[in-house]
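The block underneath contains the structure these notes are about, expressed in structure tokens.
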Amino acid sequence: MKIESLTFHHISMPLVAAFETSFGRETVRECIIIEIRSEGLIGWGECVASYNPGYNYETTGTAMHILKEFISPLILGKDIKDALDFQKHVEGIRGHHLAKAGVEMALWDLIGKREGKSLKQLFGGVREKVEVGVSVGIQESPQKMVETVTDFVNSGYARVKIKIKPGKAVAESQAVRNAFPNIRLQVDANSAFTMDDIDHLKPLDDLNLLLIEQPLFEDDIWDHHKFQAKFKTPVCLDESIVSPRHARYAIEMNACKIINIKAGRLGGLSQGIQVHDLAQQNNMPVWCGGMLETGIGRASNLALSSMSNFILPGDVSASDRYYTRDITHERFVLNADSTIDVPNKPGLGVTVDEEALASYTLAKVVV
Ligand code: OSB
Ligand code: MG
């Protein structure tokens, strides 16, 4: 595929409700939508960096810089064969995985459109619809957390994840478990705790949680091994797994029993697939994480989730959980069995609402 042009749309979209994690509170979501033109086709991708360097070090600002000044010159006018060929072209750029992954997603969309195949087909996905859950932000009180979770359970989510941080973890988790003794429940700390908090967190081990996600520092796999050794609940790593190598380290160190796969964090869908395969060879289940994606990234997450080792429900909720007006014409809805259908049209299988995209655009850069 000859890369004829790249357009980066820096957008800001209002969220239907504020989303609070241990690293901050967001009322709008910023990201960069990537448009690549090649041989009469347009491929779309989503770079999931947000305004703040809270989840990891990247931001929409750093991503725009890397996309424009470093990734574009390496691929513009070049013939890029596939995702792995793209990875070869950009291997000299250290880190900046969210930026790289956004471009790789647009290339997959182009490849699918050219071959008349959906991403699910290209990935060898085995499911037409995938089980999903909802990720609930930090609330004012345990009582408010139970109320918010109740709303989501009533709208059909059969798996709930609650965000936790120091001072808002144990009482919240216990309250939700008491209110819903049988729901599939998990917690996510986004790196907010240290090994000194272990005794305090120990009651979480009695709540029959599916998993405890990323309790410790994002760059620390070894302490997660020590943490896991003290808990019967599976530890799941998100932030710490930034490459297939890191997945191997975590597996070899027994640092977790489950891996959260985000194509963005790993530097591309191709890398997500590699982690999926490695985990599968080691009998370790994975699930698809979310970054409050637009319809573009959501389509990509659904395709990835259709692969066989995505055993646990993903953080891929229905469009109305995030945005009143999305930038794709297609909206994803929750089925009665807490699943969402995997797109089956060529490429990502979504079409962009250019008017909505323009209305959310803060800056547009054409290369
Ligand atoms: O850690 O999973 C996370 C959102 C932004 C950054 C990090 C995370 C999240 C979520 C949201 O949990 C999941 C979703 O997209 O619904
Ligand atoms: Mg997480």
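The values are calculated or read from the model by the stated rules, or taken from the named source; none is laboratory data. This is a predicted model, so every value here is computed, not measured. Virtual Cβ from ideal backbone geometry, glycine too; neighbours counted across all protein chains shown.
Of note:
- Selection within the range 285-294 - within 11 Å of Phe310 (Cα to Cα) and surrounded by 20 or more Cβ atoms within 10 Å (Cβ to Cβ): Val286, Trp287, Cys288, Gly289
- Checking each residue in the range 310-337 for being of a type in the set (S, T, N, Q) and buried (at least 20 other Cβ atoms within 10 Å of the Cβ) picks out Ser317, Ser319, Thr328.
- Scope the range 261-297; condition assigned to a helix (DSSP H, G or I), touching a residue at least 40 places away in the same chain (Cβ under 8 Å) and either away from ligand 2 (no atom under 16 Å from the Cβ) or of a type in the set (S, T, N, Q) (or both); matching residues: Leu269, Ser270, Gln271, Ile273, Gly295, Ile296
- Residue ID - farthest from Ala169 (Cα to Cα), chosen from residues in the range 9-49 that are in contact with a helix residue (DSSP H, G or I) (Cβ under 8 Å, 6 or more places away or on another chain) and part of a loop (DSSP other than H, G, I, E, B): Glu39
- Residue within the range 228-249 that is closer than 22 Å to Asn301 by Cα, under 21 Å from the mean Cα position of the chain (by Cα) and without any contact (Cβ under 8 Å) to a residue 12 or more places away in the chain present: yes
- Residue count for the range 309-341, restricted to those that are within 12 Å of Glu131 (Cβ to Cβ), more than 16 Å from the chain's Cα centre (by Cα) and in a loop (DSSP other than H, G, I, E, B): 4
- Among the helices (runs of 4 or more DSSP H) confined to the range 51-98, the ones with at least 1 residues that are charged (D, E, K, R) and either over 22 Å from Ser22 (Cα atoms) or away from ligand 1 (no atom under 16 Å from the Cβ) (or both) are located at 83-89.
- When the residues of the range 281-338 are filtered to those that are aliphatic (A, V, I, L, M), within 15 Å of ligand 1 (Cβ to nearest atom) and in contact with a Lys or Arg (Cβ under 7 Å, 6 or more places away or on another chain), the one that is farthest from Asn260 (Cα to Cα) is Leu292.
- Hey, Val130 touching a residue at least 40 places away in the same chain (Cβ under 8 Å) and either within 28 Å of Ala189 (Cα to Cα) or surrounded by fewer than 21 Cβ atoms within 10 Å (Cβ to Cβ) (or both) or not: yes
- Exactly one residue out of Glu104, Glu115, Glu91, Glu140 is charged (D, E, K, R) and crowded, with 22+ Cβ neighbours inside 10 Å, and it is Glu104.
- Of all residues in the range 12-49 being surrounded by 23 or more Cβ atoms within 10 Å (Cβ to Cβ) and either over 18 Å from the mean Cα position of the chain (by Cα) or among the hydroxyl-bearing types (Ser, Thr, Tyr) (or both), the one that is farthest from Ile296 (Cα to Cα): Ile36
- Restricting the range 184-219 to residues that are within 16 Å of ligand 1 (Cβ to nearest atom) and among the charged types (D, E, K, R), the residue that is surrounded by the most Cβ atoms within 10 Å (Cβ to Cβ) is Glu213.
- Val130 vs. criteria assigned to a helix (DSSP H, G or I) and under 21 Å from the mean Cα position of the chain (by Cα): no
- Cβ-Cβ distances below 8 Å connect the following pairs, each with a first residue in the range 52-64 that is farther than 12 Å from Met291 by Cβ and at pLDDT 95 or above, a second residue that is among the aromatic types (Phe, Trp, Tyr) and away from ligand 1 (no atom under 12 Å from the Cβ), and a separation of six or more residues or different chains: Met64/Phe8.
- Of all residues in the range 182-201, those that are farther than 15 Å from Phe217 by Cβ have Cβ atoms under 9 Å from Cβ atoms of residues that are more than 16 Å from ligand 2 (Cβ to nearest atom) and of a type in the set (Gly, Ala, Ser), 6 or more apart or on another chain, in Ile183/Ala158; Arg184/Ala158.
- Tally, over the range 201-226, of residues that are farther than 23 Å from Asn182 by Cβ and within 24 Å of the chain's Cα centre (by Cα): 12
- Matching option when the condition is among the hydrophobic types (A, V, I, L, M, F, W, C), in contact with a Leu (Cβ under 9 Å, 6 or more places away or on another chain) and under 13 Å from His9 (Cα atoms), among Ile340, Ile327: Ile327
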